[in-house]
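Below: the structure, in structure tokens.
The values are calculated or read from the model by the stated rules, or taken from the named source; none is laboratory data. Note that the structure is predicted; figures quoted are calculated from it, not measured. Positions of Cβ are backbone-derived with ideal geometry, glycine not excepted, and every protein chain shown enters the neighbour counts.
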Amino acid sequence: MFVHKDRKSLFRQFLAGMYDAVVITDPNGHIIEINPRAVEHFGYESDEVVDKPISFYIPGLTAAVVQRVRNGLKDDRHMVIDAGGKRKDGGRIACEVMVSVVDLANPGDLVFTIRNVEKRRNAMNVYRAKANAFHAAPCGLCICDAEGRVRENNAAFRGLFSLADDDAARRQTFAGLLGDGAMAREFVSALAGETVSARTSTANGDVLQVRLSPNNHGRHNYGVVCSFLKV
């Protein structure tokens with residue numbers, strides 16, 4: 001049997017189920033309501049923040065900034081801001097804040113939906129560091145897809161195979177660069193999940209130590225990671 005619930009109860013259930021922290025303020029940016037995720041993100045209980053300015057959570061969102069945001073929302077339904085949040089324990093978190101307008105307690109109340117992007121930014125920083133290491137490595141490196149087409153490569157790789165630039169490298173295939181049958185078999189073994197090493201020669205007679213590893217995610221192999229060292 002359906003039991004009718006008042007709007008405030010339904011609204012709070014809705015807030016409680018949201019993945020992001022949600023902070024509702026009056027038109028001037030003073031906190032009216034928060035959801036449980038905001039408690040997790042920032043460490044403050046609801047009764048510690050009611051009537052505090054939103055800058056209590058996000059120091060950059062001063063009263064003047066909130067006013068500019070409100071003016072900007074006259075033409076748009078929402079606005080997204082990159083900001084830094086401050087936790088109760090003094091820690092800082094990187095946040096993506098979406099601001100929108102809702103008529104709740106007052107016409108023009110503001111909803112701040114706050115997503116903690118710390119993990120995403122840290123992951124991106126690690127990714128950039130690995131990409132920089134890939135391109136700066138002294139040995140030749142390339143990543144081939146399952147058909148052997150070169151998808152990524154570094155400067156040392158292009159130098160070993162006398163390739164003018166990245167575009168020229170991406171037009172190559174593993175078989176075209178190292179055409180002997182033994183290397184083709186090693187590539188198939190790496191694609192099947194093995195890590196293999198072998199020696200081979202380039203067209204200009206350079207001897208290379210080649211190491212091939214599967215480029216996998218979980219149980220699926222997307223191609224082969226290849227390293228080449230001149231010996």
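Rundown of residues vs (1) more than 28 Å from the chain's Cα centre (by Cα); (2) under 15 Å from V111 (Cβ atoms), yes/no style:
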| site | (1), (2) |
| --- | --- |
| D20 | no, yes |
| V23 | no, yes |
| I34 | no, yes |
| V39 | no, no |
| E48 | yes, no |
| S55 | no, no |
| G60 | no, no |
| L73 | no, yes |
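With the requirement that a residue be closer than 12 Å to G223 by Cα and part of a loop (DSSP other than H, G, I, E, B), what does region 173-193 give you?
Selection gives A192, G193.
Inspect all residues belonging to region 80-93 and state whether any of them is within 20 Å of R12 (Cβ to Cβ) and either surrounded by fewer than 16 Cβ atoms within 10 Å (Cβ to Cβ) or assigned by TED's automatic domain parsing to the domain that holds A16 (or both).
no
Return the residues of region 129-155 that are under 25 Å from the mean Cα position of the chain (by Cα) and assigned to a helix (DSSP H, G or I); say none if nothing qualifies.
A129, K130, A131, N132, A133, F134, H135, A136
So which residues in region 202-231 are loosely packed, with under 12 Cβ neighbours inside 10 Å and under 21 Å from G159 (Cα atoms), if there are any at all?
A203, N204, G205, V207, V231
Is it the case that some residue within region 106-122 is within 30 Å of G223 (Cα to Cα), touching a residue at least 40 places away in the same chain (Cβ under 8 Å), hydrophobic (A, V, I, L, M, F, W, C) and touching a strand residue (DSSP E or B) at 6+ places or on another chain (Cβ under 7 Å)?
Here is the first cut: in region 106-122, the residues within 30 Å of G223 (Cα to Cα) are 119-122.
Those still in the list that are touching a residue at least 40 places away in the same chain (Cβ under 8 Å) too: none.
Checked region 106-122: no residue is within 30 Å of G223 (Cα to Cα), touching a residue at least 40 places away in the same chain (Cβ under 8 Å), hydrophobic (A, V, I, L, M, F, W, C) and touching a strand residue (DSSP E or B) at 6+ places or on another chain (Cβ under 7 Å).
Please enumerate the residues belonging to region 32-42 that are surrounded by 14 or more Cβ atoms within 10 Å (Cβ to Cβ) and within 16 Å of D20 (Cβ to Cβ). Working first, answer last.
To start, the set of residues in region 32-42 that are surrounded by 14 or more Cβ atoms within 10 Å (Cβ to Cβ) comprises 32-39, 41-42.
Passing the criteria: E33, I34, N35, P36, R37, A38, V39, H41, F42.
If you take the residues of region 148-163 that are modelled with pLDDT of 95 or more and surrounded by fewer than 18 Cβ atoms within 10 Å (Cβ to Cβ), which of them is farthest from Y222 (Cα to Cα)?
Top of the filtered list is A155.
Residues checked against (1) in the same structural domain as L73 (by TED's automatic domain parsing); (2) part of a loop (DSSP other than H, G, I, E, B); (3) not charged (D, E, K, R):
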| site | (1), (2), (3) |
| --- | --- |
| F14 | yes, no, yes |
| V22 | yes, no, yes |
| P27 | yes, yes, yes |
| D51 | yes, yes, no |
